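Data block below; observations after.
The values are calculated or read from the model by the stated rules, or taken from the named source; none is laboratory data. Just so it is clear, the structure is predicted and the values come from calculations on it, not from any experiment. A quick note on method: Cβ atoms are made from the backbone with ideal geometry, for glycine too, and the neighbour counts reach across all protein chains shown.
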């Protein structure tokens, strides 16, 4: 009889151990996903340079985050120039590109990312 009790306890311990080995990683994975979603880094682009050549502006931006940032729209003096930009800036990287509109000194440029972050600068 003692042998049966011992086997029963051993089986229960094995079941508990398997449950713990499955449940704890699932809980940790859920917490990890939730914390990334809640505390995901905000997109931040910094304009390193904006150079006017004729009526075209070449811009160099730096991504200060650990995720890829996608530009979605370009505005000139508050008016939409283009909404289909497919430009991406790699994590901690830089991108250099020419704006779509025709610009002059004093024009205000606003670049908007897919997430809605805005970069505003004045053409010099």
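Of all residues in region 47-94, those satisfying the criterion of being over 20 Å from residue 115 (Cβ atoms) and assigned to a strand (DSSP E or B) are 48, 49, 50, 51, 52, 53, 56, 57, 58, 60, 76, 79. The set of residues in region 69-90 that are on the phi < 0 side of the Ramachandran plot, in contact with a strand residue (DSSP E or B) (Cβ under 9 Å, 6 or more places away or on another chain) and exposed (fewer than 13 other Cβ atoms within 10 Å of the Cβ) comprises 80, 83, 84, 86, 90. Within region 63-77, being farther than 11 Å from residue 99 by Cβ and either modelled with pLDDT of 95 or more or in contact with a helix residue (DSSP H, G or I) (Cβ under 9 Å, 6 or more places away or on another chain) (or both) holds for one residue alone: 77.
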